[in-house]
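Asks: First the structure, which I've put down as structure tokens, then a few questions once you've had a look.
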Amino acid sequence: NRMLSNKKRLLWIALWGVLIIGIAFQLRTAGLFRGLEDDVVFHPDEAKQVDALYNYLHGRYVWYVGNLFYDGYPLFLDHVDEWLLRPFFRLRSFMASCSGLDPLGAPSRTDLFYWSRACRVLYGMLALLLAWPAARLLGLPRSAAFLCAGMLALAPLSSVVTHSATGDAGVDLFTAFIILCAGWLARRPASWAASFCAGLFIAFAFAAKYQGLLA
């Protein structure tokens, strides 16, 4: 009876997990590339973020346009995009050359809008997956941890920010890491590693978007 009860509990946990992840993924990807086929974007900061990613992928890390609206803008999440995409593009180019095709290299600026938005979905889903362990580390019961994950899955703003290549999804992601570190500190108050990581992720959140300082 106990084994059967444990199996039922695990089944319910798995079903709730799949449901929450499925809802979150649907909300974050529905209409993800809307407007791009007509060269239309709906966020004024998206173009400068994609331009930064394009520069990073081509080894250009410092540039100025003489406008604080551009030069003072936080672009750290585009570095994260670069770290993820650069090895992928190199592997893709290598595989193309092995197949006798021309090396593909980095995509054009236009194509990077698609890649950047796809990365935002990845960051949003990672933030969601961190919600459950963060809640558990902070001492919440399993049901409350699922409630936290479910509320994040349904949060309108968290879904909206995955639909444009801005730094907002990075604030979600790095704040989730900060809360996870807070739970780690709650369990081990003397852990210097938890304190260091919390401070590092606060810096990352701030560098992704200025409202990250609220974390």
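Asks: Decide, for segment 18-109, between rounded, prolate and oblate: order the square roots of the alpha carbon gyration tensor eigenvalues as a ≥ b ≥ c, take rounded if a/c falls under 1.5, and otherwise choose prolate if a/b is larger than b/c, else oblate.
Replies: Because a/c hits 1.5 or more and a/b fails to exceed b/c, segment 18-109 counts as oblate.
Asks: Quick check: from the Cα gyration tensor, does segment 106-161 come out rounded (a/c under 1.5), prolate or oblate?
Replies: prolate
Asks: At a 1.4 Å probe radius, carbon and sulfur cover how many percent of the accessible area of segment 101-215?
Replies: 75
Asks: What is the Cα coordinate range of the chain on the first, second and third principal axes, sorted by size from largest, in whole angstrom?
Replies: Here the Cα extents, ordered largest to smallest, are 62, 41, 34 Å.
Asks: Take the alpha carbon atoms of segment 154-215, find their radius of gyration, then divide it by 2.2 N^0.38 Å using N residues; give the quotient.
Replies: 1.20
Asks: Let me ask something else. How many Å² of accessible area per residue for the chain, probe 1.4 Å?
Replies: 58
Asks: If the elastic network links every pair of Cα atoms under 10 Å, which of A145, A127, A153 fluctuates the most in the Gaussian network model of the chain?
Replies: Result: A145 has the largest fluctuation of those listed.
Asks: On to the next question. Please get the size of the charge dipole for segment 2-89, origin at its Cα centre, with Cβ charges of +1 on Lys and Arg and -1 on Asp and Glu, quoted in debye to the nearest 20.
Replies: 1100
Asks: In sequence order, what are the phi-derived ³J(HN,Hα) couplings for segment 39-50 according to the Karplus relation 6.51 cos²θ - 1.76 cosθ + 1.60 with θ = phi - 60°, rounded to whole Hz, with x for glycine and proline?
Replies: Taking θ as phi minus 60°, the curve returns 6, 10, 10, 10, 10, x, 8, 5, 4, 5, 5, 5 Hz for segment 39-50.
Asks: For every helix of n ≥ 4 consecutive DSSP H residues, a contribution of -39,500 (n - 2.57) applies; sum these over the chain, divide by its total residues, and give [θ] at 222 nm rounded to the nearest 500 deg cm²/dmol.
Replies: Computed ellipticity for the chain at 222 nm equals -23500 deg cm²/dmol.
Asks: Next up: Using per-residue counts of other Cβ atoms within 10 Å, averaged over each peptide, order 154-165, 174-185, 57-68 from highest down.
Replies: Averaged packing, sorted descending, gives the order 174-185, 154-165, 57-68.
Asks: Name the most mobile residue of C119, C197, C98, meaning the one with the largest mean-square fluctuation, in a Gaussian network model of the chain with Cα contacts below 10 Å.
Replies: C98
Asks: Round to a whole angstrom and tell me the spacing of the C-alpha centers of segment 137-215 and segment 42-117.
Replies: A separation of 25 Å, based on Cα centres.
Asks: Quick one: 3J(HN,Hα) in Hz for segment 129-144, Karplus 6.51/-1.76/1.60 with θ = phi - 60°, rounded, Gly and Pro as x.
Replies: Whole-Hz 3J(HN,Hα) from phi for segment 129-144: 5, 7, 5, 5, x, 5, 5, 5, 5, 7, x, 6, x, 4, 5, 5.
Asks: Quick check: with the 1.4 Å probe, what order do R90, R109 take by accessible area, largest first?
Replies: Most to least solvent-accessible, the answer reads R90, R109.
Asks: Sticking with this structure for a sec: Tabulate in residue order the Karplus-calculated ³J(HN,Hα) for segment 199-206, using 6.51 cos²θ - 1.76 cosθ + 1.60 with θ = phi - 60°, rounded to whole Hz; enter x for Gly and Pro.
Replies: Result, ordered by residue: x, 5, 6, 5, 5, 4, 4, 5 Hz.
The values are calculated or read from the model by the stated rules, or taken from the named source; none is laboratory data. Quick caveat: nothing in here was measured; it's all calculated off a predicted structure. As a convention, Cβ positions derive from the backbone with ideal geometry for all residues, glycine included, and neighbour counts pool all protein chains shown. For the accessible areas, the whole protein counts, side chains as well, though only heavy atoms, and no ligand, DNA or RNA atoms are used. Shrake-Rupley method; radii C 1.70, N 1.55, O 1.52, S 1.80 Å.
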